[in-house]
Amino acid sequence: MFKKISEEDLQKECVKYLYSLREKGIRIEFTAIPNSTYTTSWSAKSKNIKMGLRGGLPDLFLICNGKALFIELKTKTGVLSDKQKKWHEAINASEGLICIVVRDINTFKSVIQKLFIKNN
């Protein structure tokens with residue numbers, strides 16, 4: 001039986017994998033993009049908007065070996081929002097940038113290996 005995994009859990013697995021690559025000496029820089037930071041505080045929401053925080057940007061940003069990659073993490077049934085679709089189109093239309101959707105840890109590992117590791 002297949003275990004249902006949340007996007008949050010998938011992201012944690014992906015980050016754990018990225019840290020394991022660093023431990024092996026692979027120079028990979030990454031960060032999570034905090035678009036989903038939830039707050040009920042109108043003051044905090046207003047501050048975020050004034051600071052330029054906008055929804056739809058992919059979940060992770062990675063750089064390795066001169067290549068930049070944005071990754072949107074979705075569950076098997078997850079659907080991109082209109083804001084996410086606009087960001088993905090803009091990123092993929094930009095020279096040298098790649099944006100993909102990943103739905104499981106094995107695909108994530110495969111993408112990282114193909115784009116960043118095996119091309120060394």
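The values are calculated or read from the model by the stated rules, or taken from the named source; none is laboratory data. The structure presented is a predicted model; accordingly, all values stated were derived computationally and were not measured. Reconstructed Cβ throughout: ideal geometry from the backbone, glycine too, with neighbour counts over all protein chains shown.
List of remarks:
- Leading residue by the ranking (farthest from Tyr19 (Cα to Cα)) among those in segment 39-65 that are modelled with pLDDT under 85 and surrounded by 14 or more Cβ atoms within 10 Å (Cβ to Cβ): Lys45
- Restricting attention to segment 25-48, the residues that are assigned to a loop (DSSP other than H, G, I, E, B), under 25 Å from Arg103 (Cβ atoms) and of a type outside the set (A, V, I, L, M, F, W, C) add up to 5.
So that you can scan it fast, the table gives a plain yes or no per residue for (1) more than 16 Å from Thr107 (Cα to Cα); (2) within 20 Å of the chain's Cα centre (by Cα); (3) surrounded by 10 or more Cβ atoms within 10 Å (Cβ to Cβ):
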residue: Ser6; (1), (2), (3): no, yes, yes
residue: Val15; (1), (2), (3): no, yes, yes
residue: Arg22; (1), (2), (3): yes, yes, yes
residue: Gly25; (1), (2), (3): yes, no, no
residue: Glu29; (1), (2), (3): yes, yes, yes
residue: Ala32; (1), (2), (3): yes, yes, yes
residue: Lys67; (1), (2), (3): yes, yes, yes
residue: Ile71; (1), (2), (3): no, yes, yes
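- Cβ separations smaller than 7 Å between residues 6+ apart or across chains give no pair from segment 45-70 residues that are without any contact (Cβ under 8 Å) to a residue 12 or more places away in the chain to residues that are buried (at least 19 other Cβ atoms within 10 Å of the Cβ).
- Hits in segment 93-120 - residues which are part of a helix (DSSP H, G or I), exposed (fewer than 13 other Cβ atoms within 10 Å of the Cβ) and not hydroxyl-bearing (Ser, Thr, Tyr): Asn106, Gln113, Lys114
- Number of positions in segment 49-92 that are of a type outside the set (Lys, Arg) and outside any strand (DSSP E or B): 25
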